[in-house]
Amino acid sequence: MMATYSRVVRRSAALTAVVAAECVVVCAALGGAKGLYGALIGVAIVTAFFGISVLVVGRAAKISPHVMMAAAMISYVIKIIGFAIVMIALGKSDAFNGRMLGFTALICILAWSAAEVVTAIRLRLPYVDPDGSSRA
C-alpha cells in the first residue's frame, strides 16, 4: 500500500512542480517582481499544504488505516485554520501581487488533485483491503 501511495505522491509532485514553474514564469512576465513574489508565495503555500498531508498520512498509515484516516481529517482541519490565518496575515501586505498568488495556488492545487485522481485511476488502487489483514 505504501509503495503505491508513494507513487501517487511522486507523480502528483512532479506534475505540480512543472505547472508551478510555468505559473511562476507567467506571473513574473505579467506582474513583474510583485507577480513573481506572489507566485512564489503561492507555490510555497501549496507545497506546505500538500507536504504536511504527505508526511502525516504517510506516518499514520504505518500504524493502521483507522489512525491514517483520523490523522488525515485532523491535519486537514488544522491546515485549513492555518491557511486562513496565513491568508489574513498576507492580505495586509502589498509586497507582492495577491492575484498572482491566488492564481498560482489555484492552478497548483488543481494540478496536484488532478494528478492524484488520474494516477489512482490508472493504478487501480483498491479501496478495501483484499487480504482483510487490517481488521480491528
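Output the 0 to 90 degree angle, nearest 10, between the alpha-carbon long axis of helix 2-61 and the longest principal axis computed from the alpha carbons of the chain.
10
So, with a 1.4 angstrom probe, what is the percent of accessible area on segment 57-129 that is carbon and sulfur?
72
What per residue convex hull volume, in Å³, comes out for segment 41-117 when only alpha-carbon positions are used?
Output value, Cα hull per residue: 78 Å³.
I'd like the accessible area for Glu116: 1.4 Å probe, protein heavy atoms, all chains in place, Å² to the nearest 10.
Near enough 70 Å² of accessible area.
Using a probe radius of 1.4 Å on heavy atoms only, what accessible surface per residue do you get for segment 16-130? Whole Å² is fine.
63
Checking a compactness column here: for the chain, what do you get for Rg(Cα) / (2.2 N^0.38 Å), N being the number of residues?
So the chain has a normalised radius of gyration of 1.21.
Just to verify a number: FRET efficiency for Ala21 and Lys62, C-beta to C-beta distance, R0 = 30 Å, to 0.05?
Numbers: r = 32 Å, r/R0 = 1.07.
So the FRET efficiency works out to roughly 0.40.
For the chain, what does the relative contact order come out to in percent, with C-alpha contacts under 8 Å and a separation of six or more?
So the answer I get is 42 percent.
When each pair of different Cα atoms in segment 1-73 is counted once in the 1/r mean, what is the Kirkwood radius in angstroms, to one decimal?
13.7
Name the most mobile residue of Ser75, Ser113, Ser93, meaning the one with the largest mean-square fluctuation, in a Gaussian network model of the chain with Cα contacts below 10 Å.
Most flexible of the set in this elastic network: Ser93.
As a check on your grasp of the helix formula, calculate [θ] at 222 nm for the chain: sum -39500 (n - 2.57) over DSSP H runs of n ≥ 4, divide by the residue count, round to the nearest 500.
Values: 3 runs with 112 residues, N = 136.
For the chain, the value works out to -30500 deg cm²/dmol.
Using a simple spin-label model with points 7 Å from Cα along the Cα→Cβ vector, what separation in nm is obtained for Asp94 and Ala44?
2.1
Under 13 Å from the Cβ of Ile52, count the other residues' Cβ atoms, weight Lys and Arg +1, Asp and Glu -1, and hand me the total.
+2
Give me the accessible area of Tyr37, 1.4 Å probe, in Å² rounded to the nearest 10.
110
Can you give the local net charge around Arg11? Use residues other than it whose beta-carbon is closer than 11 angstrom to its beta-carbon, Lys and Arg +1, Asp and Glu -1.
Once positives and negatives cancel, what remains is +2.
Would you rank Lys79, Lys62 by solvent-accessible area, highest first, keeping every protein chain in place and using a 1.4 Å probe?
The residues order as Lys62, Lys79, largest area first.
What FRET efficiency do you get for Ile52 and Ala29 if R0 is 25 Å and r is their Cβ-Cβ distance, rounded to the nearest 0.05? Numbers along the way, then the final one.
Numbers: r = 31 Å, r/R0 = 1.23.
The computed FRET efficiency comes out at 0.25.
The values are calculated or read from the model by the stated rules, or taken from the named source; none is laboratory data. Predicted model only: the values in this text are computed from it and were never measured. Positions of Cβ are backbone-derived with ideal geometry, glycine not excepted, and every protein chain shown enters the neighbour counts. For the accessible areas, the whole protein counts, side chains as well, though only heavy atoms, and no ligand, DNA or RNA atoms are used. Shrake-Rupley method; radii C 1.70, N 1.55, O 1.52, S 1.80 Å.
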